[in-house]
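Readers should treat all values here as calculations from the given coordinates under stated rules, not as data from a laboratory. What you see is a predicted model, and the numbers here were worked out from it, not measured in a lab. Positions of Cβ are backbone-derived with ideal geometry, glycine not excepted, and every protein chain shown enters the neighbour counts.
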Amino acid sequence: MTTVGRLDALAAQWEASNDRRFLFARAYGLMTSAMLSRVEGGGFADPTWVQSLLDRFADYYFVVADPVETPEGACPLVWTAAFDACRDDSAMPLQQVLLGINAHINHDLPLALADVLADWDTLAEETRTTRHQDHETVNDVIVASVDLVQGSVVNEVMPILGVLDTLLGGLDEAVFTATVRSWREHAWDEAQQLLRCSTDDERAAVVDQIHDRALRWAEWIRSL
């Protein structure tokens, strides 16, 4: 089954059981579809590498989304916080989606990037530049998808947010996209830190740093 197919199946399963985890799964599916359209349309300099990143990135989510694949206690705390919020009636749908986005970008993305950039030391400078440019091009896809995700996922569950969206114009999208751009650039920098690690202890320290930053963002989102 394709990545989008797996995401759609998860979303349908969770929505049928009134499990709010479907919100992020559906948003992720829409974003992934937009990414694949850009890949197929020649929107990236190195589509093969971008496709490998998309696949590896999704792997991290599918592992935490499947309790069979994630032994008890092994789920990162930032994902536990996101899933717990989906069972909390006091959490707003927007918070529930944002907590998933935070966990996936601030925690999973630097790890996935480090995986698909494992050959960094052997790459020509031109190829390094191209891969970073493709990483930044993803921001354009996210910007183009924000209204679709908000209208098709969040506002459907909580229509009042659609009214607020109309009143705010593009302000909320601007804040969100600026935040995500910052998160994704941090993810690139942290992936580079992981690639420079020469021992398991050094890598563990960077992974802890990545997780702690994601957890701080999760705490901030819950405080909104």
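If I compute Cα extents along the principal axes in Å from the structure I just sent, which labelled value in [x] 50, 44, 33; [y] 51, 41, 34; [z] 52, 36, 29 lines up? Given [x] 50, 44, 33; [y] 51, 41, 34; [z] 52, 36, 29, the structure-derived one carries the label [y]. In a fully extended conformation the segment linking ASP59 and GLU185 would gain 43.3 nm over its present Cα-Cα distance, using 0.36 nm per residue.
Just to verify a number: FRET efficiency for SER52 and GLU219, C-beta to C-beta distance, R0 = 30 Å, to 0.05? E between SER52 and GLU219, to the nearest 0.05, is 0.40. When the charge dipole of the stretch 36-118 is built from unit charges on Cβ atoms (+1 for Lys and Arg, -1 for Asp and Glu) and taken about the Cα centre, the candidate among ALA58, GLY41, CYS86 whose Cα reaches farthest toward its positive end is GLY41.
Fully extending the segment from THR130 to LEU77, taken as 0.36 nm per residue of separation minus the present Cα-Cα distance, adds 15.7 nm. Taking the number of Cβ atoms within 10 Å of each Cβ as an exposure proxy, the fewest-first ranking of TYR60, TYR28 is TYR60, TYR28.
For the chain, the mean residue ellipticity at 222 nm estimated from helices alone is -24500 deg cm²/dmol, where every DSSP H run of n ≥ 4 contributes -39500 (n - 2.57) and the total is divided by all residues, rounded to the nearest 500.
In this calculation the C-beta distance from MET1 to ASP84 is compared with R0 = 35 Å, giving a FRET efficiency of 0.80.
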